[in-house]
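Each remark here refers to the structure printed beneath this line.
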Amino acid sequence: MAVLDKIPQSAVSIVFMEAGTFLQFKDGYVHRKTAPCTIIAQPLLGRYEVNSLGVNSFSGEQEAFLATTGQPLEIIHHAANRGGEMHAHWLHAEFLLFTTVDFVSLLALPPNVGPRLGREFGALISELLKLQRSPHNNLTALALRNELGFRALRLLCEAAPLSEFGEAFLRQAERLAPVLSFVRDHFAEPVSIDDLARVARLSRSRFHSYFREHMRLSPMDYVKTVRVKEAQQLLITTDQPIFEIAAATGFQNPYHFSREFKANTGVPPKVYRRQNSGWVV
């Protein structure tokens, strides 16, 4: 946590947060999806079975399963009694570092947490659901919402240490931050590696090797990743036509967008929108 404590509060933002509840999961129902954001899901009656990246885990009542953006999931719902229904609630959120980097991607996130953290996550989700049902939309409600969001992030940091990649990234964060912010501000425009090298104040060749070393992908692949990530949010939070989303996220045309989106997520934009409709887990 020492490295995390050095991150200025202004560098972390909550760009999306929504809680939900569902009371009619049929026993044995299977839901396959790619996590569109950070997911914290808790059974209220019954249990989750989650298969992801070769790991099989179970989360019972008062526990919770965790997933991060881009993680493939096979979620099996088990009722408390055979043939019955499973009840659950969840929190979906996106926390960004330097306006671009998925904060939770820097953590070695476990597949689930036990009863102590599960109860804390559960209480937090209940508070957020109550706030969402409130008719008030004032400064007090906004402050409470942000407080709940940062409490969720604190619990995630408590549940998961920094990954090796996270440690390495944060050591270079000060130098990388201007480049990442530039990408975030200009992803809808034509962006070249020369533009990014100029922001980093490095030669083109030095910047390319430096960026790849610390971000684990090339500069232009990173630009593409940011564009796809923004498109994912638009697909599941708006009714915009796909051709409009393609233009808004910097892709040349809908065909280019569809090809690159499928290469990054494994499914075409239309399928992704359908799979993630309603955010149900």
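The values are calculated or read from the model by the stated rules, or taken from the named source; none is laboratory data. None of the values given here were measured: they were computed from a predicted structure. In this analysis, Cβ positions are derived from the backbone assuming ideal geometry, glycine residues included, and neighbour counts consider all displayed protein chains. Note: accessible area is taken over every heavy atom of the protein model, side chains too, but ligands, DNA and RNA are not part of it. Shrake-Rupley method; radii C 1.70, N 1.55, O 1.52, S 1.80 Å.
To one decimal place, what Kirkwood hydrodynamic radius in Å is obtained for the stretch 1-82 from all pairs of distinct Cα atoms? Walk me through the numbers on the way to the answer.
Numbers: mean 1/r = 0.0689 Å⁻¹.
Over the stretch 1-82, the inverse of the mean reciprocal pair distance is 14.5 Å.
Using a basic spin-label model with each label point 7 Å from the Cα along Cα→Cβ, how many nm lie between LEU217 and ALA177?
Taking the two extended label points, one gets 2.3 nm.
Taking a label point 7 Å from the Cα of PHE16 along the Cα→Cβ vector, which residues of the stretch 202-226 have an amide N closer than 15 Å to it?
Counting only backbone N, you get 225-226.
Find how much the distance from ARG274 to ARG151 grows on full extension, using 0.36 nm per residue of separation minus their present alpha carbon separation; answer in nm with one decimal. Don't skip to the answer; put the middle values down first.
Values: separation 123, 0.36 × 123 = 44.28 nm, distance 3.08 nm.
Value of the extension gain: 41.2 nm.
With a 1.4 Å probe and all protein chains kept in place, how do PHE103, PHE182 rank by accessible area, largest first? Don't skip to the end; give the middle numbers.
Working: PHE103 10, PHE182 50 Å².
My answer, sorted largest first, is PHE182, PHE103.
Ignoring everything except DSSP H segments at least 4 long, calculate the 222 nm mean residue ellipticity for the chain; use -39,500 (n - 2.57) per segment, divide by total residues, nearest 500. All intermediate terms of the calculation are to be shown ahead of the outcome.
Numbers: 11 runs with 131 residues, N = 281.
Using -39500 (n - 2.57) per qualifying helix, the result is -14500 deg cm²/dmol.
For the chain, just list the percent of Cα-Cα distances falling in each 10 Å bin from zero outward, please.
It works out to 6, 26, 34, 25, 8, 1, 0, in whole percents.
Contour minus end-to-end for SER209 and GLN132, with contour as 0.36 nm per residue of separation and end-to-end as the Cα-Cα distance? Could you put the intermediate results ahead of the total?
Details: separation 77, 0.36 × 77 = 27.72 nm, distance 4.56 nm.
Using 0.36 nm per residue and subtracting the Cα-Cα distance, I get 23.2 nm.
At 1.4 Å probe size, with every protein chain present, just tell me what the per residue accessible area of the chain comes to in Å². Could you put the intermediate results ahead of the total?
Details: 13780 Å² over 281 residues.
On a per-residue basis, the chain sits at 49 Å².
Roughly how many nanometres apart are two label points built 7 Å out from the Cα toward the Cβ at VAL199 and ASN81?
Distance between label points: 5.8 nm.
Could you tell me how many degrees, from 0 to 90 and to the nearest 10, lie between the Cα long axis of helix 115-133 and the main elongation axis, the longest principal axis, of the Cα atoms of the chain?
80 degrees
Which residue, ASN81, ASN146, ASN264, tops the fluctuation ranking in a GNM of the chain built on C-alpha contacts under 10 Å?
Result for the chain, Cα springs under 10 Å: ASN81 fluctuates most.
Projected onto the charge dipole of the stretch 74-148 (+1 at Lys/Arg Cβ, -1 at Asp/Glu Cβ, origin at the Cα centre), which of LEU96, PRO115, ILE76 gives the Cα projection farthest towards the positive end?
PRO115
Sticking with the crude label model, points 7 Å out along Cα→Cβ, report the distance from ALA248 to GLN24 in nm, one decimal please.
Modelled inter-label distance: 3.0 nm.
Placing +1 on the Cβ of each Lys and Arg and -1 on the Cβ of each Asp and Glu in the chain, which of SER258, LEU128, ILE14 has its Cα farthest towards the positive end of the resulting dipole?
Highest projection toward the positive end goes to SER258.
Hand me the tally of lysine pairs in the chain: alpha carbons under 17 angstrom apart, and the pair either on different chains or 8 or more positions apart. Write out the running numbers ahead of the final one.
Details: LYS33/LYS229; LYS33/LYS262; LYS33/LYS270; LYS224/LYS262; LYS229/LYS262; LYS229/LYS270; LYS262/LYS270.
The result is 7.
Placing +1 at every Lys and Arg Cβ and -1 at every Asp and Glu Cβ, with all other atoms neutral, what dipole size does the chain have around its Cα centre, in debye to the nearest 20? List each step's numbers first, then the result.
Values: 30 positive and 27 negative charges, 70 e Å.
My answer is approximately 340 debye.
In whole percent, and with a 1.4 Å probe on the protein chains, what portion of the accessible area of the chain is carbon and sulfur?
Values: 7180 of 13780 Å².
That fraction is 52 percent.
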